[in-house]
Structure formats: structure tokens, C-alpha cells
Amino acid sequence: MDMMNKNAANGARLLDELQKVDFCLVETNLYLDAYPSCAEALAFYRTLKEKRQQLAKQYEATVGPLTATASENAVSWDWIKTPWPWELVANMG
Amino acid sequence: MWIYEKKLQYPVRIKNPNARLAHIIVSQLGGPDGELGASMRYLNQRYAMPYRDVAGMLTDVGTEELAHLEIVAAILHQLTANLSEEEIAKSPFAAYFTDHTTGVYPAGADGTPFNARAFAVKGDVITDLSEDLAAEQKARTTYENLIRLSDDPDVTEPLRYLRAREIVHFQRFGDALTRTQERLDSRNFYAFNPVYDKIQPRE
């Protein structure tokens, strides 16, 4: 596997993990809107959030910025360099 | 305000173009029970909500519906990429193609452009939450109809995900309605508008 393919495979894996943890965050968020004092849900949300922050950092280093403000390259506007989410290639890695 | 995140909530990986499926799936973008109506329903209902937790639920579900709008748009975009003119000409998608080429435009399966009548805002917490419960069930039924009509597992997979989300949203709006009814006057045996007679103070 050459370097570019390896990066793409890592990117696809990180996207998959990010989508999974973000799904859990959305689910827990909606649950907490209805049950705001549930200690178990609050603790679960906090754990997920930490995992999410680490994953997002790894994803942005491997693939590119998730948000415009995460575009940190001083000489090039990386925000528009990676495929948009509706493109097949953005979902295949 | 909103901040855009550059990823889909659920992956869409459609390898084969399919004009027939694009023709019907567009309904979940701009049809009577589609995601555009869903997001606008919840996000616009928020302002008249007397309870902050219910306004929070509407904000968060409404925001998730925007992510679902993007998933349906991605399905349409990928279904219509690399379609041959022959395929388009012989499919019912030809009518849509005439007006929009393969651009993504919110319309129903019958071609009717998106209409704000697809959703309602009544400014009454009981009325609006009851509307939302019905809306989630209508969207679930529509996804089930699309799954019945789909012959491509790549398309069925995200449709099944979106169907499941309708079920979860129904549960959460049910929680919101229960919590609202618990706050009504104990002598109010019937669930009706708590803001009509007097404005309830914020908690």
C-alpha cells in the first residue's frame, strides 16, 4: 500500500469512528433534553465528548478541516481542498 | 446561529445511478413529509415554546433534520451522477430533469415544488408537539414506502437509518409532550393550551 492509499484508508476509518461517536452524542443530547438530571447520561455524554475531541483532532490532521475555523494552513485555504460530503469519494475514503 | 461541519451524519455510498429511485426519493427532500419541512417545522416552532427544555429539543431535532436533508440530497446527487440520457428519457425522472437537470431541488415525488403548507406552526405547545408526533410517523411511513420500492442495498441502507431516526424523534417528542402536560394546572384534566389564558412564567 503506498502512502496516499494508506492515508485514504486511515481517513475512511477515522470518518467511520467519528460518525459513530457523533451519533452517540446526538442520541445522548436528545435524551438529556428530556431527562436533564440523568447522572448516567451526563457521565456518558462527557466520556463521548472527550473521545470525540481526540478523534476530530486525528481526523483533521489526516483528512482536513471539519469546520472552516479548523483550516489552519497559513499559506493555503484547506477548507475547500477536500471533497464535499455529498461526493461519493468523500464517503469511500 | 449554525456552524457547518464537513461530513455527513451517515455515509452515502451509491455506486450505480438509478433514475427511477431518484424520481421518488426526492419526496423526502421537498415532499409533504420530507426533511426540509421537518427542519423548518421544529426550528420555527421554537420561539413560542414556554419551556426551555422543549425549545432545546426542537432546536436539536431541527438541527438534526438539516443533517438528514443533506443525506437525502447526497442520495439524489449520487443516484443521478453519470446517468445516461437514454436512462433518463425512459424513466419518470425525465420530467424533473427537464426543469432541474441533475441539480437537487426540493419537490415531492409528484413534482410539486416544496410548499410551506407541508409544516405547521400554531404557537401553542400542545398543538405543536402533537403536530410533531404525527409528522415523525408520517415521515417513517414515507421511508418505509421508499424502502419497499428500493432495489438497491446502497440506497436502502441510509433510508433505513433515516427511518430509525423518525422513530427516535417520535419518542423524544413524546417525552416533551409528557413533560409539558405534567406542568399544566392539576385541575386541567384535558391537555390544552396553557398559554391561552395566561402566560406561564419561565422556569
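Which residues does the label zone of residue A:68 cover in the range B:1-17, counting backbone N under 19 Å from a point 7 Å along Cα→Cβ? Under cut-off, by backbone N: B:1-8. For the range B:75-125, applying the loop criterion from DSSP together with a ceiling of 15 other beta carbons within 10 Å to the trypsin sites (Lys or Arg not before Pro) yields B:122.
The long axis of helix A:3-34 is offset from the longest Cα principal axis of chain A by roughly 20 degrees. Normalised Debye scattering of chain B at q = 0.08, 0.15, 0.17 Å⁻¹ gives log10 I(q)/I(0) of -0.31, -0.89, -1.07, counting only Cα atoms as equal scatterers and leaving out solvent. In the context of the full set of protein chains, residues of the protein assembly as shown present 54 Å² of accessible surface per residue (probe radius 1.4 Å, heavy atoms only).
Give me the one-decimal Kirkwood hydrodynamic radius in Å for the range A:3-92, with the sum taken over alpha-carbon pairs. Display every interim value, and only then the final one.
On the way: mean 1/r = 0.0682 Å⁻¹.
The answer is 14.7 Å.
Rounded to the nearest 500, the helix-only mean residue ellipticity at 222 nm of chain B stands at -19500 deg cm²/dmol, with each DSSP H run of n ≥ 4 adding -39,500 (n - 2.57).
Full extension of the chain segment joining residue A:35 with residue A:23 gains 2.5 nm, where the gain is 0.36 nm per residue of separation less the Cα-Cα distance.
Here the extension length gained between residue B:145 and residue B:13 equals 45.4 nm, from 0.36 nm per residue of separation less the Cα-Cα distance. Checked against a 27 Å cut-off, the cross-linked pairs B:6/B:122; A:6/B:7; A:81/B:90; B:7/B:90; B:6/B:138 give Cα-Cα distances beyond that limit for B:6/B:122; A:81/B:90; B:7/B:90; B:6/B:138. Here the label points at residue A:50 and residue A:10, each 7 Å from Cα along the C-beta direction, are separated by 2.4 nm in the simple model. Neighbours of residue B:48 by Cβ distance under 10 Å: Lys/Arg scored +1, Asp/Glu scored -1, total 0. Taking the 1.4 Å solvent-accessible surface of chain B as the whole, the part contributed by carbon and sulfur is 54%. Given R0 = 51 Å, the distance between the Cβ atoms of residue B:134 and residue B:94 translates into a calculated FRET efficiency of 0.90. Burial here means at least 50 square angstrom less accessible surface with every protein chain in place than with the chain by itself, probed at 1.4 Å; in the range A:58-86 the buried residues are A:66, A:85, A:86.
Computed from point charges on the beta carbon alone (+1 for Lys and Arg, -1 for Asp and Glu), the dipole magnitude for the range A:3-92 about its Cα centre is near 240 Debye. Loop-located chymotrypsin sites (Phe, Trp or Tyr not before Pro) across chain A with a Cβ neighbour count of 11 or fewer within 10 Å are A:77, with loop assigned by DSSP. Estimated from the Cβ-Cβ distance and a Förster radius of 41 angstrom, the FRET efficiency linking residue A:61 and residue B:87 is about 0.50.
Note on the range B:98-119 and the range B:147-185: Cα centroid distance 23 Å, given to the nearest whole angstrom. Rounded to the nearest 100, the interface formed by chains B and A buries 2500 square angstrom of accessible surface, both chains summed, with a 1.4 Å probe. Model label points for residue B:127 and residue B:59, set 7 angstrom from Cα along the Cα-to-Cβ axis, are 2.5 nm apart.
Across B:73, B:116, B:176, mean-square fluctuation computed from a Gaussian network of chain B (C-alpha pairs under 10 Å connected) peaks at B:116.
Multiplying the residue separation of residue B:160 and residue B:117 by 0.36 nm and removing their Cα-Cα distance gives an extension gain of 12.8 nm.
The values are calculated or read from the model by the stated rules, or taken from the named source; none is laboratory data. Bear in mind that the values here come from a model prediction, so they are computed numbers and not experimental data. Don't worry about glycine lacking a Cβ; one is built from the backbone with ideal geometry, like all the others, and counts go over all protein chains shown. To get the accessible areas, we keep the full protein, side chains included, count just its heavy atoms, and leave off ligands, DNA and RNA. Shrake-Rupley method; radii C 1.70, N 1.55, O 1.52, S 1.80 Å.
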